[in-house]
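Worksheet: the structure to be examined is printed underneath.
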Amino acid sequence: MRGVVMFQILLWLSGLAAVCALIQFLYSGYACRKRTRCLASRGINIAHHSMLFGHIPILIDFKRSNPPDVNIGVLHTWLATNYVKYFDGASQLPPVVYLDLWPVAPSFALVYDASAIMQFTQSRSLPKLHELTEYIRPLTFGRDIVSTEGQEWKTWRARFNRGFSSRNIIRLLPGLIDDVQAFADNINAMARNVGDSRTWGPVFQLREKAADLTLDVICRVTLDMKLQQQSCSSNTLLKTTLIDQVRLMNLLNANGGLIRRYMPWHRAMIARNNRVLDSIIRPLIVRLMKAEASNSTEETNSAVEAAIQHTLAAHHSKGGQSSTDYSENIADIITCNVKAFLFAGEDTTASTICFMFKCLQDCPYALARLRAEHDEVLGGVPSEAASILRRNPQLLYNLPYTLGVIKETLRLYPLASTARQSPSGFDLIIMNDITGLEHHYPLEGFAPWVAAAGVHQSPKYWPRSSEFLPERWLKTEKSDPLYPCKEAWVPFSSGPRNCIGMELALAQLRLVCVLVARSLDIKEAWGEWDEIRLVIVAFFISLSRRCLCCLPATRSINQNRLANCRPFG
């Protein structure tokens, strides 16, 4: 009898807890909806809003209008194009677009005004959005410079800055040239059997080859490690494990992610991947630490070497003594940061390479001018460019039009943008261009999100904003209509928490232009891919005998990642 009573009490308490949780859940939803409605009552133009669904219908419309694997950053330009449908009486898109997405996502304030972006990234650098740092936590345990805040972030950002500085990147250029030359050789191999410049070679996945290059580059710069992923016939253990870890991280943030987070098998797979990555990365770090402690290292090269040198020097200057616990802790933190660098850099730079070749394909005059600049600075024989740059690495930085091509690609196709955590009482202050009056946009309860793609393609900042015009980056007079608005160019974010790998990414993209674009024509190959898919689909359909016709496969947002090439000249 006593056991039955205890069971009833436990059942009653569980029901009470469930009811309390439900009430709290519903109240938080009501608070989100009410907060958004209060903005409207203050005269701020907000998109059509439902007390039941908030702005979730807008997100559904966006998903329906785009391929299933669309980058969420495309939302910025999609809203800028379709704002009339959602804002009553608006003659232009508001500078701040509030999105109440509870409970499927945090509530965001998409910021389309360049001066307002500076207010929460430079004038006051707000903390990174909690949901973003939680996304990367399974990989780095929150011990990387993406996730940390305050003094811990300042300390480790300063320690890694030297290794990613332009001066150090120049020092590492000979090794980077080797990696990019391997990439060029792999692409050339696709065109080697073509025979002439009028025939296109077979279809290949440019994104995959660019990703292999980027992994090689990041490993070389961070760890002075020759991964040689590009020369392997299959994926290295590092790449395979990293890809699987990112897959698991994405699952944690998809529908049902909260449940998966507490599933023992899911956590076991994440832990296993971390053990594998740590077994590859950590021994290299420990070896570098021992070499630095014994003063046996030569000139500082890799980012990890620079961080170790900075860390040990600061520790000894304060009278600290080396100990096993201290060394273990430093090795753990650096390992977590290296994993963050691999995660953050691999996809973004590889995708930018794809978009860059797409832009050059669509703009033949820009490709011709790019090649002319390379001929002028590096000589008229493309095959000698690598050896010339090894002898004189500074020449890579004497290619202003090449840099313009890269910057214009990043303007049209930014692949990342920052979102921050807003404190109570923080407002953005934006001046109306017509009236000259200041307007306040409260951020309490909303995460300010840099609408990078929207800002980059806004006619307010960029005349002929939809056109690929590398020459705009050569303009030096502010009176020139094409003079670039540097405050409105934020592919690497801005302020103290901008992307630490910016100089490395720009150097890699310069080298790809020099060693690949001058000798090869590269174009999208979706037509050929559709034909291949038609043959495959028709084959399997005929085997199954289920129907007599077939349709081309649906194209995804990654259409520029399939390519073929041919020799130039």
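Kindly check whether there is at least one residue in region 353-373 that is under 25 Å from Pro174 (Cα atoms), under 29 Å from the mean Cα position of the chain (by Cα), open to solvent by 40 Å² or more (accessible area, probe 1.4 Å) and not basic (Lys, Arg). Scanning region 353-373 turns up no residue that is under 25 Å from Pro174 (Cα atoms), under 29 Å from the mean Cα position of the chain (by Cα), open to solvent by 40 Å² or more (accessible area, probe 1.4 Å) and not basic (Lys, Arg). With respect to the conditions (1) open to solvent by 10 Å² or more (accessible area, probe 1.4 Å); (2) touching a residue at least 24 places away in the same chain (Cβ under 8 Å), Leu511 falls short on a single one, namely (1).
Residues that are of a type in the set (Gly, Ala, Ser) and at pLDDT 85 or above were ranked within region 231-271; the one that is farthest from Ala184 (Cα to Cα) is Ala268. Ala116: within 19 Å of Ala419 (Cα to Cα), not polar (S, T, N, Q) and not in a loop (DSSP other than H, G, I, E, B), yes or no? For Ala116, the condition - within 19 Å of Ala419 (Cα to Cα), not polar (S, T, N, Q) and not in a loop (DSSP other than H, G, I, E, B) - is met. For region 225-245, a residue qualifies if it is open to solvent by 70 Å² or more (accessible area, probe 1.4 Å), over 19 Å from Asn273 (Cβ atoms) and touching a helix residue (DSSP H, G or I) at 6+ places or on another chain (Cβ under 7 Å), and the qualifying residues are Lys226, Gln228, Ser231.
With respect to the conditions (1) within 24 Å of the chain's Cα centre (by Cα); (2) aliphatic (A, V, I, L, M); (3) under 30 Å from Asn45 (Cβ atoms), Ile500 falls short on a single one, namely (3). How many residues does region 123-173 hold that are under 16 Å from Gln421 (Cα atoms) and among the basic types (Lys, Arg)? Final tally of qualifying residues: 2. Could you tell me whether Ile434 is assigned to a loop (DSSP other than H, G, I, E, B), of a type in the set (A, V, I, L, M), open to solvent by 30 Å² or more (accessible area, probe 1.4 Å) and out of contact with any Leu (no Cβ under 9 Å at 6 or more places or on another chain)? Judged against the criteria, Ile434 is a match. I'd like to know if region 51-63 contains one or more residues that are in contact with a helix residue (DSSP H, G or I) (Cβ under 8 Å, 6 or more places away or on another chain), in a helix (DSSP H, G or I), at pLDDT 85 or above and open to solvent by 60 Å² or more (accessible area, probe 1.4 Å). No, that holds for no residue. Across region 116-170, the qualifying residues are those that are of a type in the set (S, T, N, Q) and open to solvent by 70 Å² or more (accessible area, probe 1.4 Å), and the one among them that is farthest from Leu312 (Cα to Cα) is Ser123. For the residues Arg420, Arg518, Arg472, the requirement of being under 27 Å from Cys363 (Cβ atoms) and either open to solvent by 30 Å² or more (accessible area, probe 1.4 Å) or touching a Leu at 6+ places or on another chain (Cβ under 6 Å) (or both) singles out Arg472. Taking the conditions (1) surrounded by 20 or more Cβ atoms within 10 Å (Cβ to Cβ); (2) at pLDDT below 95 in turn, Asp113 satisfies each one other than (2). Among residues of region 74-89 being touching a residue at least 40 places away in the same chain (Cβ under 8 Å) and open to solvent by less than 20 Å² (accessible area, probe 1.4 Å), the one that is nearest to Thr36 (Cα to Cα) is Phe87. Reported count of residues in region 379-409, each being part of a loop (DSSP other than H, G, I, E, B) and either open to solvent by 50 Å² or more (accessible area, probe 1.4 Å) or over 27 Å from Cys354 (Cβ atoms) (or both), is 5.
For Arg391, the stated conditions do not hold, so it cannot be described as out of contact with any Ser or Thr (no Cβ under 7 Å at 6 or more places or on another chain) and in contact (Cβ under 8 Å) with a residue 40 or more places away in the chain. Exactly one residue out of Val455, Val405 is touching a helix residue (DSSP H, G or I) at 6+ places or on another chain (Cβ under 8 Å), hydrophobic (A, V, I, L, M, F, W, C) and either modelled with pLDDT under 95 or within 30 Å of Ala40 (Cβ to Cβ) (or both), and it is Val455.
The values are calculated or read from the model by the stated rules, or taken from the named source; none is laboratory data. Just so we're clear, the structure is a prediction, and the values are computed from it rather than from any experiment. Positions of Cβ are generated from backbone atoms using ideal geometry, with glycine treated the same way; all protein chains shown enter the neighbour counts. These accessible areas exclude ligands, DNA and RNA; they are computed on the full protein's heavy atoms, side chains included. Shrake-Rupley method; radii C 1.70, N 1.55, O 1.52, S 1.80 Å.
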